[in-house]
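Since the structure comes first, as structure tokens, the remarks are kept for the end.
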Amino acid sequence: MRQSWWKILAIALLVYTLVAGLLMDVPRLPILNETIRALHFHVTMWFGMILMLVAAVFYSIKYLRTNDLQCDDLAIEFTNAAILFGVLGITTGMLWAKFTWGDYWSGDPKQNASAIGLLMYFAYLILRNSLTDTQQRARIGAIYNIFAFAAFIPLIFVLPRLTDSLHPGNGGNPGFNAYDLDSKLRMVFYPAIIGWTLLGTWIATLRVRARRIERTLEDQFLNS
Amino acid sequence: MLKEISILIQKELRLEWRQKYALNGILLYVVSAVFITYLSVGAKAGNLSVNSWNALYWIIILFSAVNGVAKSFIQEHQGRQLYYYMIASPEAIILSKIIYNTGLTLVLALLGYGVFSVILGNPVADQGLFLLNLVLGAVGFSASLTMVSGIASKAGNNATLMAILSFPVIIPILLMAIRISKNALDGLDWSVSADKLLALAAINAIVAVTGYILFPYLWRS
């Protein structure tokens, strides 16, 4: 992961997202109007968050199998980056909701579910901080991370589909497929997902490296 | 395996019977909670709207279940846990605890239902669906809470930790149960609730299987 090509790619994609996402022509739709641009900055946050949570679960499982602390570093930092994206996603979503639904918080099932998801991962951070032994913290953190993810999936994918949601694509609201998304929006949307996810990965790997340096320094200090 | 589980469940029952104060305590907890609700809402029997009845009922069941299940790993001290670790497989332990706690949660839910019916009225139109939903809810609550109480017990048996770890995990189950329960209260046809019952059972299965797979790692530490 020390190569630089994907970091350059991340910057290029995000510059493209910002420029094209803000300046390109978008379909004119009632109510949504220009706010449809939130697709590139709000919806992508959730995609990035879920991809990074999957990475965190992957490294948690790997930690349980190998007991290698480096996997734990990756798991916690991917979760941290995912939480950052989640907070950004919920904030951008609230701003968007203010202009389309009229309120910052409308009790939409997806809004509620994402807030609960964040609670879950905040609890994960508190659980980790309450344990002092490094190995035990890593092990129990990994167990809760996997367990929380298993509860998180039905929360965001199944429950909102069983009730009406105000979100586009739910409860009779036209989905993005109905918006002639195929040509214009998709050209920015997919690169934006990749760009944001790469940025999150970059943040996570930087912090993992900082953790490793810290641990090495600590060892040196203890051994000297 | 089956024999091991049944012996472990018998052990749980016997332990509970010997320390009756814990069981009686949690039963009294339910009754007092319902009574406090009754006094705070200030509603006479039948006065409460169906929605509030439903919400209050499930919140009380949630809190009693958290309190009741929280002790499943806490009441046994370290030495005895080590002893179980030597003689029983972790899979048998988690399954026996989940089954036992399902029974406990069901008892709490039924008791709560009884007290609710007496003092706040019983607006349930479809008893069969309501009870089936209680059983499914109890399985879900116990599967997630047993696992979380195992995690919390490793982190110093902190009651706050038990609550913050379990609430978000349990919310999907709680939401489904509340929705089905609402249908049962309104006496809607079963076909309306069928997909929700299925979803609730599926969530239960996901949580239980994850717990079953993860518990051996937790037990070992």
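Pairs B:LYS3/B:LYS71; A:LYS110/A:LYS184; B:LYS11/B:LYS154; A:LYS110/B:LYS71: which exceed 29 Å Cα-Cα? Checking Cα-Cα distances, A:LYS110/B:LYS71 exceed 29 Å.
Distance between the pseudo-spin-label points of B:ALA125 and A:ASN129 (7 Å out from Cα toward the beta carbon): 4.8 nm. Straight-line reach from A:LYS7: taking Cα to Cα under 20 Å and skipping same-chain neighbours fewer than 8 places apart, the aspartates and glutamates in range are A:GLU77. Computed over all pairs of different Cα atoms, the Kirkwood value for the hydrodynamic radius of chain B is 18.0 Å. Using alpha carbons only, how many angstrom separate the centre of segment B:153-172 from the centre of segment A:37-92? Centre-to-centre distance over Cα atoms comes out at 22 Å.
Note on A:GLN70 and A:VAL158: the model spin-label points, each 7 Å out from Cα along the C-beta direction, lie 3.7 nm apart. Overall size of segment B:166-220 from C-alpha positions, given as principal axis extents largest first: 48, 20, 11 Å. Kirkwood radius and radius of gyration were both taken over the C-alpha atoms of segment B:73-165, and their ratio Rg/Rh is 1.09.
Normalised by 2.2 N^0.38 Å, where N is the number of residues, the alpha-carbon radius of gyration of segment B:1-119 equals 1.28. Between A:THR216 and B:LEU23, what FRET efficiency follows from the Cβ-Cβ distance if R0 is 41 Å, with the result rounded to 0.05? According to the calculation, E is roughly 0.20. Based on the Kirkwood approach, the hydrodynamic radius assigned to the protein assembly as shown is 24.1 Å, with every pair of different Cα atoms included. Highest mobility in the GNM of chain B, judged by mean-square fluctuation with C-alpha springs under 10 Å and restricted to B:LEU134, B:LEU48, B:LEU174, is found for B:LEU48.
Every number in this text was worked out from the coordinates using simple rules, so none of it is lab data. Since the model is a prediction, treat every value here as computed from it, not as a measurement. Counting neighbours? That spans all protein chains shown, and the Cβs are built from the backbone with ideal geometry, glycine included.
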